[in-house]
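Bear in mind these aren't lab numbers, they're just calculated from the coordinates by the rules spelled out. Keep in mind the model is a prediction, meaning the values are calculated, not measured. So basically every Cβ, Gly included, is an ideal-geometry build from the backbone, and we count neighbours across all protein chains shown.
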Amino acid sequence: MDCRRCGKVKREQLDFLADNPLYTKRFAYFVGRRCRQASISDVAKELKLNWHTVKALEMQYMKAQLERAGTPGPLAIGIDEIAIRKGHTYRIVVSDLLRRRPIWFGGKDRSEASMAKFYGWLGKKKSSRIRLAVMDMWKPFRTATQAHAPKAAILFDKFHIMRHLGEALDMVRKSEYARLAGRDRRYIKGQKYTLLSHRENLTLEGRRALKTLLAANKRLNTAYLLKESFGQLWDYEREAWARRFFENWRSSLKWQRLKTYEKFAEMIERHWDGIAAYCRPENKVSLGFVEGLNNKIRVIQRRAYGLRNEDYFRLKVLTCMLPEL
C-alpha cells in the first residue's frame, strides 16, 4: 500500500498471518499439533508442503506454546544431562518437578559453568526460592546448585544410584561367569537380564532359571539378594532408621568377597546427605519423572533422526509436556 505521508510503499502487518505470510497462524498451529504425533516428513507428505515449510511452521507453534507457558518459578527442580550426539556431547536438561515439565535445555557440556547458565537465566531472585534439587551424583551439578541456590536441599536420584548397584552386580556376574566357565557354565550363560531384573517382573520360566542360577552359586545369590534389599532404603520416613538399615546392609558385606559392592557402599557413604534428604516430608517428590523425561527425549531423538538444528531440538524438549494450543 502507498503511504501518503512518506510516499513509500509499505506492507501491512496482519495478526492472523504466520511468520511465513503465505499461511495463517491457525494453519501453523494445526501443523504444530500434527507434528506432535507424526514426523515432519509424514506431515509434509500429508499436507503436500515442503519439508522446510513444515519445520518452520512447527517451530512457530512451539514458540507460541512456550510464550503461553510463561517464565517458570520452580520450587523443586530435577537436573540431568542428555547426549545429543556421539563424542560425549552433552546438554543439561532442568525440569520443574511440581509442574512436571522441562523448563531449560542448554549449556555446552555438563560442567559447572554450563550449570551456572541455568541459574543465570532463571535469575537470582527465583534461584533463591528453590527448595529442592534432584540430580545424579555429579559434583559440578552439586557445586553450582550450592553456589546459586543455597537454600535448596540436594537429593540424589534413586534411579542413578540403583544403576551403579546394577553395574556392581554385573561385575560380580562376569567374574562368576569366568570362574564357572567350562564347568557349570550352563547355569550362568545368557542370564544377565534375569539377574538384573526384579523378581516380580520375571515370567514363570525366568523365575525357574533364576532359582537354578542362584542355587548353583552362593556368592552370586548373596549379591542378587543384597541388590534387591537395598531398594528399601527409600521407604524409610526417618533418617535414623534409614541410617540403621544402611549400616546393617553394609555390615552384611563382610566375608562375602564382593569388592564392587564394597566400593558402592563407600560411594553411598560419601554422598549420604543427598540420599537421606528423601526421608524429610518436604522432599517427597516423584523421583521417576526425570528418568521418564529422559526416555521421552530419546523418542524425540529417534523421530528426528538426521536433524542437526539444535534450536529445533531444544523447542521439542521444552514443549513435549505442554498442552496443545
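The table that follows gives values for the structure above.
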{"item": "Between helix 239-251 and the chain: long-axis angle, C-alpha atoms, 0 to 90°, nearest 10", "result": "50 degrees"}
{"item": "Per residue convex hull volume, Cα atoms of the chain, in Å³", "result": "194 Å³"}
{"item": "P(r) histogram, all alpha-carbon pairs of region 1-70 included - 5 Å bins from 0, percent", "result": "3, 16, 23, 18, 13, 8, 7, 7, 3, 1"}
{"item": "Helix axis angle, 25-35 relative to the chain longest principal axis, alpha carbon, degrees", "result": "20 degrees"}
{"item": "Share antiparallel - DSSP beta bridges, the chain, percent rounded to 5", "result": "70 percent"}
{"item": "Residue with peak Gaussian network fluctuation, the chain [Cα springs, cutoff 10 Å], from Phe159, Phe16, Phe141", "result": "Phe16"}
{"item": "With Cα atoms, 0 to 90° folded angle of helix 259-270 axis to the chain main axis", "result": "60 degrees"}
{"item": "Dipole magnitude (debye, nearest 20) for the chain, charges at Cβ of Lys, Arg, Asp, Glu", "result": "500 debye"}
{"item": "Extreme residue, positive dipole direction of region 1-80, given options Gly73, Cys3, Val43 (C-beta unit charges)", "result": "Cys3"}
{"item": "Size of region 192-262 as Cα extents on the principal axes (Å, biggest first)", "result": "40, 28, 16"}
{"item": "Descending Cα extents along the principal axes, region 232-325, whole Å", "result": "55, 34, 18"}
